[in-house]
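Only one structure is covered here, and it is reproduced in the block below.
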Number of protein chains: 2
Amino acid sequence: MARTPTHPDVSQFDLQTVLEALVDPVRRSIVAQLDAAGADIACGGFDIPVSKSTATHHFTVLREAGLIRQYYVGTSRMNALRRAEMDETFPGLLDALTARRAARRGG
Amino acid sequence: MARTPTHPDVSQFDLQTVLEALVDPVRRSIVAQLDAAGADIACGGFDIPVSKSTATHHFTVLREAGLIRQYYVGTSRMNALRRAEMDETFPGLLDALTARRAARRGG
């Protein structure tokens, strides 16, 4: 794996790819946790019910869709939500998918 | 098939089910066409690149997710977007997924 993972440019954001990333509840939870934290989170710092290798796959899908930016701090891989870029490209989408996390219908 | 198809009540709307319905581009197109028309459309009246039986499957998925309401007028099955109910339950979601239909990134 390259030390600096590749990320799509905003001009490459694609709604179908973003929806395919967000239709998975674990990936939606990762995005919601980043959004709620308002800070970057290391790969090991999320509350998700999957193995480390499965989590790595989910982070990759999110990164390739443009939803998160990954970078290293020492040996920790950090994850940043690309919220402003997503909001600019798909206004309201992340709001709609993260705002109701605490509601009974889940999210 | 029953003459009056069953529909979920608003209290049964589930974000995961709605997203699984909307992740399919043909189903998203059906929703967008209903939204753009601002009127109910018969099953045969949509511009979608699938067979009649496949279209029937897509309408069923949308109905069971609560996105459309189906009813008969004579022998025609009509489709109505449950926009207000969806907006009330998942504010901004349909706006985010239908507003950019005409944009280059598709929808």
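Suppose you put the label 7 Å out from Cα in the Cβ direction; list, shortest first and in nm with one decimal, how far A:Ala37 is from each other copy's label.
Result for A:Ala37, in nm, nearest copy first: 4.6.
With +1 on the Cβ of every Lys and Arg and -1 on the Cβ of every Asp and Glu, and nothing else charged, how large is the dipole of the protein assembly as shown about its Cα centre, in debye rounded to the nearest 20?
Numbers: 26 positive and 24 negative charges, 61 e Å.
So the magnitude is around 300 debye.
Starting from 0 in steps of 5 Å, tell me what percent of the Cα-Cα pairs of the protein assembly as shown lands in each bin.
1, 7, 15, 18, 17, 14, 11, 8, 5, 3, 1, 1, 0, 0
Residue by residue through A:10-17, how many Cβ atoms from other chains fall within 10 Å of the Cβ on average?
Per-residue shielding by partner chains comes out at 3.
For the residue pair B:Asp87 and A:Tyr72, what label-to-label distance in nm results when each label sits 7 Å from Cα along the Cα-to-beta-carbon direction?
Output for this residue pair reads 4.9 nm.
Please give the calculated 222 nm ellipticity per residue for the protein assembly as shown, where each DSSP H segment of at least 4 residues contributes -39500 (n - 2.57) and the sum is spread over every residue; nearest 500 deg cm²/dmol? It would help to have the intermediate numbers written out before the result.
On the way: 10 runs with 96 residues, N = 214.
So the calculated ellipticity at 222 nm is -13000 deg cm²/dmol.
Rg (Å, one decimal) plus Dmax (Å, integer) for the alpha carbons of chain A?
13.1, 41
Using a label point 7 angstrom from Cα along Cα-to-C-beta, what distances in nm, from shortest up, separate B:Pro8 from the other copies?
So the distances to the same position in the other copies read 2.7 nm.
In peptide B:79-90, what is the residue-averaged number of other protein chain Cβ atoms found within 10 Å of each Cβ? Intermediate results must be reported in sequence, preceding the final value.
Details: counts 0, 0, 0, 0, 0, 0, 0, 0, 1, 0, 3, 7.
Mean partner-chain Cβ count within 10 Å for B:79-90: 1.
Considering only C-alpha atoms, what is the centroid distance from the range A:1-59 to the range B:66-83, in Å?
With the range A:1-59 and the range B:66-83 each reduced to a Cα centre, they are spaced 37 Å.
Using the 7 Å Cα-to-Cβ label point, sort the distances from B:Pro25 to its equivalents in the other copies shortest first and give them in nm to one decimal.
Label-point separations across copies, in nm and ascending: 2.8.
Report the relative contact order of chain B, percent, no decimals, based on alpha-carbon pairs under 8 angstrom and at least 6 residues apart.
On the way: 117 pairs, mean separation 35.0, N = 107.
So the answer I get is 33 percent.
Every number here is computed from the coordinates shown, using simple stated rules; none is lab data. Everything numeric here is computed off the predicted structure, so don't read it as measured data. With ideal geometry, Cβ positions are generated from the backbone for all residues, glycine too; neighbour counts draw on all protein chains shown.
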